[in-house]
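Read through the structure below, which is laid out as structure tokens, and then see the notes.
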Amino acid sequence: MTGPTATATSAGGAHPGPAEGLRAEGIVKRYAGVPVLSGVTVTVRPGEVVGLVGHNGAGKSTLLRTLSGAIRPDEGTISVNGGRMQLTGPAVALKAGISTVYQELSLLPNLTITQNVFLGRERRRGARTLDGEGMRRAARDLVDRFGLRVDVDRPLGHYPVATRQLLEIAIATERETRFLLLDEPTTSLEGEQVDRLLELIRSLTRESGLGVLLVDHKLDELYAVADSVVALVDGEVRIAGPVEETDRADVIRAIAGEEAAVHLAETGQYDQLPVEELGDLASGRPQGRRPVSALPAGARPSLRVRGLRAPGLTDVSLDAYPGRVLGVYGLIGSGRTEFLRALVGLDRIDAGRLELFGEPYRPRNPSHARRAGVVYLTEERKVDGIVPGLDSATNIVLPVLHGFSRYGVLDRRAMARSATRFMDQLHVRGDRDAPVVSLSGGNQQKVLLARALAQEPRLLLLDEPTKGVDIGVKTEIHRLLRRLASEQGMTVVVVSSEEEEILDVSDDVVTFSHGRCDGGIQLASELSLVKLRQVAWGAA
């Protein structure tokens, strides 16, 4: 089946009737008038695993957030076992038996495992006394079923991310869950942990009748556990059907957009188009993209990486050049963020050779990296970016406060002048004297960019620099980055999950997959959305 209203059906022969299950029908969601989901219909039945795949930005996370009650659709309906639901919030979804585990973990690291398991639903003996021993026994039973070797009386923060991921899934199954939504659950897992999780998902569906919607870009994992597969492309269902009847190559072609080109060729529509338009139409190349020149002969990289190994990275080699923007693209879990963290000294480097401006480079920490001219803008501005209670100017000059201090006294006028210069350059709007958290998300992002520029970087590392901003702010940021490279000779490295952004802002592009990058640079002007997806998904 194809088309925006196709539904996933079980591969297991007879299955419950069409009214049974969690059903999203005709879901439409727009942001600033731009559709992210366009008439999506998906059904998850009891005892069934539906695998959901799609390129970055296809609408997978938006669909999960809609089903979890985190956001409300503009059009369409959601029903549970035939009864229409108004999911006005996550609590309503939980009450309806819908539990969601996102990529960003929500458990509290300062609480014990037992406390996390029973948070908000503590067991009591009598009106005022907590049943501590009973909760510990139940928590131990839960972690044992999931094969977790942990002390339930120990704070969760003492355990690695992979353990927390498995525990979050385990807890979700305990809350009278009938339908479990999993967003890339194996991203932080390795080897036996992945196998164990997939086996647990199979057991939960077969023995408990749980319905599971599994988002996973690793097709080998998805095909190992799913009964049916749904492929989202640009907010529409392009493929939906039993896994045993759906070829993996067809899924990849749908995601990469090849089917459209094949259709044009087979129907002879190529013959009806001007020759100069055939390449762009077949490749899906956006019109009007700025021309990008090739690397000058004999150009020397400002950053040279060979055989880098670090947490989340197994073998990365690449070059980045002065005066150019290097776009780093990859699927979730590909190692793109881990690469930036290693470059700035946040994660240890286990092996490999790095050169920065012709000199050996091995960052010990972000301060050491900054002194070498390397500045990093994190993806999570609310977690480890802005300081919410401080005003914009103070946020901007925080890393360089020493430059405004004389005899231990801060020159606040000089601080304000410097910060204002950067804010004017970036057109920061809003009350600059108020706490920075009062600004819009886009203006907060501009403040963080101003902070990065205030550190006078020679190598600027940006992780999702336009995440959560509107199209106007995005355009401003893209222009700034290109200007920093072309006019100031800065080396800019941009990590983004948005294919259009990679192609729009970059001069050169490299692709990460499973912690690897072979260093093969391609000109952004010679790439297309189709080809970029092909490269990423071909290695997935």
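What follows draws every value from the coordinates through simple rules; no lab data is involved. Here the structure is a predicted model, which is why all the values come from computation and not from measurement. With ideal geometry, Cβ positions are generated from the backbone for all residues, glycine too; neighbour counts draw on all protein chains shown.
Classify the chain as rounded, prolate or oblate from the Cα gyration tensor: take a ≥ b ≥ c as the square roots of its eigenvalues, call it rounded if a/c is under 1.5, otherwise prolate when a/b beats b/c and oblate if not. Taking the square roots of the gyration eigenvalues as a ≥ b ≥ c, the chain is oblate. Around Glu199, with a cut-off of 13 angstrom between Cβ atoms, what is the net charge of the other residues, counting Lys and Arg +1 and Asp and Glu -1? Charge balance near Glu199 sits at 0. Think of it as helices only: each DSSP H run of n ≥ 4 in the chain is worth -39500 (n - 2.57), and spread over all residues that comes to -10000 deg cm²/dmol at 222 nm.
Checking every one of the GluC sites (Glu not before Pro) in the stretch 34-111 against DSSP loop status and a limit of 15 other Cβ atoms within 10 Å picks out Glu104. Sequentially through the stretch 77-92, phi angles give Karplus couplings (6.51, -1.76, 1.60; θ = phi - 60°) of 10, 10, 9, 10, 6, x, x, 5, 10, 9, 7, 7, x, x, 5, 5 Hz, Gly and Pro residues having no value and appearing as x. Spin-label model, Tyr223/Thr314: points 7 Å from Cα along the beta carbon direction are separated by 1.9 nm. The trypsin sites (Lys or Arg not before Pro) of the stretch 109-208 meeting both criteria, a DSSP state outside H, G, I, E and B (loop) and at most 10 other C-beta atoms within 10 angstrom of the site's C-beta, are Arg121, Arg128, Arg149.
Annotation: extensible slack from Ala91 through Val387 equals 103.6 nm (criterion: 0.36 nm per residue apart, minus Cα-Cα distance). The relative contact order of the chain, computed from alpha carbon pairs under 8 Å that lie at least 6 residues apart in sequence, is 16 percent.
Please work out whether the stretch 340-422 counts as rounded, prolate or oblate from its C-alpha gyration tensor, where a ≥ b ≥ c are the square roots of the eigenvalues and a/c under 1.5 means rounded, while otherwise a/b larger than b/c means prolate and anything else oblate? Because a/c hits 1.5 or more and a/b exceeds b/c, the stretch 340-422 counts as prolate. Look at the Cα gyration tensor of the stretch 109-175: its axes a ≥ b ≥ c give a/c of at least 1.5 with a/b over b/c, and that counts as prolate. Lysine pair count for the stretch 303-538 with Cα-Cα distance under 15 Å and sequence separation of 8 or more or different chains is 4. Sparsely packed loop sites in the stretch 300-391 (the trypsin sites (Lys or Arg not before Pro) outside DSSP H, G, I, E and B with at most 13 other Cβ atoms within 10 Å) comprise Arg348, Arg364. Share of antiparallel DSSP beta bridges in the chain, in percent to the nearest 5? If we restrict to bridges inside the chain, about 55 percent are antiparallel. Spin-label pair Arg202-Leu398: with each label point 7 Å from Cα along the Cα-Cβ axis, the two points sit 4.8 nm from one another.
Residues Met85, Met490, ranked from the fewest to the most other C-beta atoms within 10 Å, line up as Met85, Met490.
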